[in-house]
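Single-structure report; data block below.
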Amino acid sequence: MDLHFRNFFRAQLNIEQGYYVDGRLRSTLLSFNDSYVELIRTGFEQIVTDDSFGPAEYERLTDIEFPDGESLKTYLRAMYAYLFEGAPQQPMPPG
């Protein structure tokens, strides 16, 4: 996993920021240069299809627990849709 991608999770999707879903995350990401945005897009595409990336790895990055791999993958797909496909609302991690 790329260091910049890992840092995006730590900074933007951690336990403090992950539940703050006011709609600014997409504009924040898109304010960076195109190569960084593409790196984040590619990283999301990789972890969504990577069976070895699961709840334990996500928790190590963000301190947010997911009950199982499927709920994490659903969240990550929804986050991808929000960040890159124009989905109207940022998904909320499990509470």
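A short reminder: the numbers here are calculations on the coordinates, not readings from a lab. Fair warning: this is a prediction, and the values are worked out from it, not measured in the lab. So basically every Cβ, Gly included, is an ideal-geometry build from the backbone, and we count neighbours across all protein chains shown.
Points to keep in mind about this one:
- Cβ-derived FRET efficiency at R0 30 Å, Q46 paired with I15, nearest 0.05: 0.85
- Those residues of the range 54-95 whose amide nitrogen sits under 15 Å from the label point placed on L30, 7 Å along Cα→Cβ: 80-90
- Among the listed values [x] 16, 57, 27, 1; [y] 12, 13, 11, 11, 10, 9, 8, 7, 6, 5, 4, 2, 1, 0; [z] 17, 39, 25, 14, 4, 0, the one matching P(r) over Cα pairs in 10 Å bins from 0, in percent as calculated from this structure is [x].
- Rounded to whole Hz, the Karplus (6.51, -1.76, 1.60) HN-Hα couplings of the range 71-79, x for glycine and proline: 5, 5, 4, 4, 4, 5, 5, 5, 5
- Placing a pseudo-label 7 Å from each Cα along the Cα-to-Cβ vector at E38 and E85 gives an inter-label distance of 2.1 nm.
- Per-residue [θ]222 nm for the chain (sum of -39500 (n - 2.57) over DSSP H runs n ≥ 4, rounded to 500): -18500 deg cm²/dmol
- Positive minus negative residues near L30 (Lys, Arg vs Asp, Glu; Cβ under 15 Å): 0
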